[in-house]
Amino acid sequence: MQRIIVGISGASGAIYGIRALEILRTLGVETHLVLSPSAGRTITEETDLSLEQVRSLASVVHGFKDIGATIASGSFKVDGMLVAPCSVKTLSAIAHCATDELIARAADVQLKERRRVVLLFRETPLHAGHIALMERATMNGAVIMPPVPAFYHRPKSIDDIVTQTVGRALDLFGIDAKVVHRWDGGGNDED
């Protein structure tokens, strides 16, 4: 069975992590969820879901400060970790191996075990500090994937955009959720 850690931090875009949980649940993938305290506020502000409804989408929910959780150990086998959305604070903690909370600790463990960590970094515009953090996290082995929408599939709703982005993120774990509209070459080569 596949097993993925999903971290939801306090950046805008909690729907990305929620959609990942929904999709992974339909695929029968075991999910381990960690919500930052700020994520709770963002979920309340940006969605109509309660925190309990979000938690119920996960197979297992871990406390934000529980650095003794199973996912805090490299001996606990998982296929990787998705942080969606990833705040600047969380990116900084991952880039600097600051592991005093579980999202950063679990990401650090995945990186040391050479497992995939995908960060849907939600910040714009960027200053040099953000870019340096992204570089450092990438050098540690993380994949930085800002949730930049694609339009070639002609999305009709925000839901279409979110689903496409999450599907592409799951592709990075080798999970084909069957929700991604794949580019087919278009058919018009004229300028």
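Examine region 63-74 for a residue that is within 15 Å of the chain's Cα centre (by Cα) and either among the hydrophobic types (A, V, I, L, M, F, W, C) or in a loop (DSSP other than H, G, I, E, B) (or both), and state whether such a residue exists. No; the residues of region 63-74 include none that is within 15 Å of the chain's Cα centre (by Cα) and either among the hydrophobic types (A, V, I, L, M, F, W, C) or in a loop (DSSP other than H, G, I, E, B) (or both). Taking every residue in region 94-113 that is on the phi > 0 side of the Ramachandran plot and pairing it with any residue that is among the acidic types (Asp, Glu) and outside any helix (DSSP H, G or I), at least 6 positions away or on another chain, yields no pair with a Cβ-Cβ distance below 8 Å. Taken over region 151-176, the criterion of being aliphatic (A, V, I, L, M) and surrounded by 15 or more Cβ atoms within 10 Å (Cβ to Cβ) is satisfied by Ile161, Val162, Val166, Ala169, Leu170, Ile175. Looking across Leu33, Leu49, one residue alone is surrounded by fewer than 17 Cβ atoms within 10 Å (Cβ to Cβ), hydrophobic (A, V, I, L, M, F, W, C) and under 24 Å from Pro146 (Cα atoms). It is Leu49. Cβ separations smaller than 6 Å between residues 6+ apart or across chains give the following pairs from region 1-29 residues that are within 9 Å of Ala84 (Cα to Cα) to residues that are modelled with pLDDT of 95 or more and among the hydroxyl-bearing types (Ser, Thr, Tyr): Val6/Thr31; Ser9/Ser36; Ser9/Ser87; Ser9/Thr90; Ala11/Ser87; Ala14/Thr42.
Residue count for region 62-100, restricted to those that are over 15 Å from His32 (Cβ atoms) and out of contact with any Gly (no Cβ under 6 Å at 6 or more places or on another chain): 15.
Okay, residues lined up against (1) on the phi < 0 side of the Ramachandran plot; (2) part of a helix (DSSP H, G or I); (3) surrounded by fewer than 22 Cβ atoms within 10 Å (Cβ to Cβ):
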residue: Ser12; (1), (2), (3): yes, no, yes
residue: Ile18; (1), (2), (3): yes, yes, no
residue: Leu24; (1), (2), (3): yes, yes, no
residue: Arg41; (1), (2), (3): yes, yes, yes
residue: Val61; (1), (2), (3): yes, no, yes
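Among the residues of region 123-162, those identified as in contact with a helix residue (DSSP H, G or I) (Cβ under 8 Å, 6 or more places away or on another chain) and of a type in the set (D, E, K, R) are Glu123, Arg136.
Filtered by the rule that a residue be among the hydrophobic types (A, V, I, L, M, F, W, C) and under 12 Å from Gly17 (Cβ atoms), region 31-78 gives Leu33, Val34, Leu35, Ala39, Ile43, Leu49, Val54, Leu57, Ala58.
The values are calculated or read from the model by the stated rules, or taken from the named source; none is laboratory data. The structure presented is a predicted model; accordingly, all values stated were derived computationally and were not measured. Heads up, the Cβs are rebuilt from the backbone with ideal geometry, glycines too, and the neighbour counts pull from every protein chain shown.
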